[in-house]
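The values are calculated or read from the model by the stated rules, or taken from the named source; none is laboratory data. Predicted model, so just to flag it, every value in this text is computed and none were measured. Positions of Cβ are backbone-derived with ideal geometry, glycine not excepted, and every protein chain shown enters the neighbour counts. Calculation scope for accessible area: heavy atoms of the full protein, side chains included, ligands and nucleic acids excluded. Shrake-Rupley method; radii C 1.70, N 1.55, O 1.52, S 1.80 Å.
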Amino acid sequence: LVAPTWYVHLASLWAIADSAVLDAARAASRERMKRELAAFLTELAAAGTVVLVFDDLHWADASTVDAMAYLCTRTAAGPVFFVAAYRPAEMSLTRHPFIRARHELTRRGLCHEISIAPLDRAAIGRYLALVFPGHDFPDELSACLYARTEGNPFFLVELVRDLRARQSISPDGERWCLAASISSLDTT
């Protein structure tokens, strides 16, 4: 009822018997689709908080950024939150359209940026303790992982996942241990 154009695009076409609805949806402008999506999110927010997550926004196209910026300005009355994760360096290198949108949304008080600092060696040690409780890793492992990932959380998780998949980190009874030397991890 609130977003018929979106309904037509998202519902199975066999479920829509009314050809007038189909024709109207096919002819809908981008502006109409944005208005309907904003109305839908506002209606949805009346039932509870809505959180939309845009991961890897640095890969989003201009239309996605345009729609997101539009929705941020049209759904401010209800509990609708947008979370966008992106790599600032990649945004800058490509002159991404979100840079302008972020500036405008920040100016209007609709965008609050939270920068995530790289993990330090102590944080990497705490991460290892959480993922591998009771581990028996040497203290140098945190330093090695820090050197390889520069504290980037995503790279850290992927590297640890790879070490585990290659059984360089493996369980030994009830404890986790390092099955390779630290120096061999530097070259893998």
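Quick grid of which residues meet (1) within 26 Å of LEU1 (Cβ to Cβ); (2) small (Gly, Ala, Ser):
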| position | (1), (2) |
| --- | --- |
| ARG32 | yes, no |
| GLU43 | yes, no |
| ASP56 | no, no |
| THR73 | yes, no |
| VAL80 | yes, no |
| ALA84 | no, yes |
| GLU90 | no, no |
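Checking the structure you have, find out if any residue of the stretch 88-107 is closer than 23 Å to PRO153 by Cα, hydrophobic (A, V, I, L, M, F, W, C) and over 18 Å from the mean Cα position of the chain (by Cα). Yes, the stretch 88-107 has at least one match. Residues in the stretch 39-81 that are part of a loop (DSSP other than H, G, I, E, B) and open to solvent by 60 Å² or more (accessible area, probe 1.4 Å): how many? Total satisfying the criteria: 7. If you go through the stretch 157-188 and pick out every residue that is exposed (fewer than 11 other Cβ atoms within 10 Å of the Cβ), in a helix (DSSP H, G or I) and over 28 Å from the mean Cα position of the chain (by Cα), you end up with 3. Scanning the stretch 82-100 for residues that are open to solvent by less than 20 Å² (accessible area, probe 1.4 Å) and in a helix (DSSP H, G or I) gives MET91, PHE98. Considered as a group, the residues in the stretch 111-151 that are touching a Cys at 6+ places or on another chain (Cβ under 8 Å) and at pLDDT 90 or above include one that is most open to solvent (accessible area, probe 1.4 Å), and that residue is HIS135.
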